[in-house]
1. Can you tell me which residue is surrounded by the most Cβ atoms within 10 Å (Cβ to Cβ) among those in the range 112-124 that are over 17 Å from G89 (Cβ atoms) and within 14 Å of the ligand (Cβ to nearest atom)?
2. Does G104 qualify as being free of Cβ contacts under 8 Å to residues at least 12 places away in the same chain, away from the ligand (no atom under 15 Å from the Cβ) and either among the acidic types (D, E) or more than 17 Å from N15 (Cβ to Cβ) (or both)?
3. Any residue in the range 88-111 that is more than 25 Å from K3 (Cα to Cα) and surrounded by 15 or more Cβ atoms within 10 Å (Cβ to Cβ)?
4. Being within 16 Å of the ligand (Cβ to nearest atom) and among the aliphatic types (A, V, I, L, M) is the filter here; which residues of the range 67-97 pass it?
5. Considering the range 1-22 alone, what residues qualify as being in a loop (DSSP other than H, G, I, E, B), among the aliphatic types (A, V, I, L, M) and buried (at least 18 other Cβ atoms within 10 Å of the Cβ)?
6. Output the residues belonging to the range 24-63 that are among the hydrophobic types (A, V, I, L, M, F, W, C) and in a helix (DSSP H, G or I).
7. Taking the condition of being crowded, with 19+ Cβ neighbours inside 10 Å and under 22 Å from I187 (Cβ atoms), how many residues in the range 23-43 meet it?
Amino acid sequence: MKKNVAVLISGSGSNLQALMDAARTPAYPARIALVISNRPEAYGLTRAKQVGVQSLVINHKDYATREAFDAALHAALLQANIDIVCLAGFMRLLTPGFVEHWEGRMLNIHPSLLPAFKGAHAIRDALKAGTTETGCSVHLVTAELDSGPILLQEKVPVKLGDSEETLAERIHKAEHRIYPKALKMLIEKFFRS
Ligand code: GRF
């Protein structure tokens with residue numbers, strides 16, 4: 001039985017696209033059952049609609065506290081019978097209670113070779129540091145930001161003259177390769193049914 005996956009986004013959703021593309025293969029062990037965006041204008045919502053995947057806006061601005069916002073997220077995930085949550089460019093910090101509930105069943109993709117360059121500016125920080133190699137990581141989400149167990153990483157070279165945009169583009173290509181693989185790995189390792 002395929003696992004029901006929700007993808008949480010805030011923006012472009014190119015990783016969402018990679019996951020939806022992978023999930024179209026009959027042998028892939030997950031179906032993307034729900035997309036949730038905290039931003040109504042996120043392009044990822046259009047991507048979901050284009051392929052008939054259910055999507056939902058839960059706008060953080062409609063909630064007075066992080067707890068209330070996370071409670072709304074949680075309720076939507078339960079209602080859709082979600083087994084696994086994939087964060088894909090979801091730009092909200094999650095509360096410890098929410099993280100604890102989904103621990104072991106929630107993945108994130110981060111544009112660096114963790115533990116290097118944690119936080120919201122990983123690509124800029126890698127350029128600033130003058131490193132010749134960076135990459136991307138898929139990890140399980142734990143209470144501490146960008147610090148959970150790593151499932152998969154791919155190295156990406158930093159080239160002479162790279163800007164944030166050119167480096168981001170190279171990293172994104174690697175992200176689109178590893179995220180579907182990591183989700184498959186998680187399901188095969190921990191969710192055998
Ligand atoms: C990716 O670089 C991901 O690593 C980071 O946010 C970006 C999301 O891009 N967490 P997209 O919305 O999937 O195109």
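The values are calculated or read from the model by the stated rules, or taken from the named source; none is laboratory data. This one's a predicted model, so the numbers in the text were calculated from it and none came from an experiment. Cβ sites come from the backbone with ideal geometry, for glycine too, and all protein chains shown count toward neighbours.
1. Among those residues, the one meeting the criterion is L113.
2. The answer is no for G104.
3. yes
4. V85, L87, A88, M91, L93, L94, listed by residue number.
5. Selection gives nothing.
6. Of everything in the range 24-63, those that are among the hydrophobic types (A, V, I, L, M, F, W, C) and in a helix (DSSP H, G or I) turn out to be L45, A48.
7. Summing the residues that are crowded, with 19+ Cβ neighbours inside 10 Å and under 22 Å from I187 (Cβ atoms) in the range 23-43 gives 8.
The rows are residues; the columns are (1) farther than 21 Å from A120 by Cβ; (2) modelled with pLDDT of 95 or more.
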{"position": "G148", "(1), (2)": "no, yes"}
{"position": "S163", "(1), (2)": "no, yes"}
{"position": "L167", "(1), (2)": "no, yes"}
{"position": "I171", "(1), (2)": "no, yes"}
{"position": "Y179", "(1), (2)": "no, yes"}
{"position": "M185", "(1), (2)": "yes, yes"}
{"position": "F191", "(1), (2)": "yes, no"}
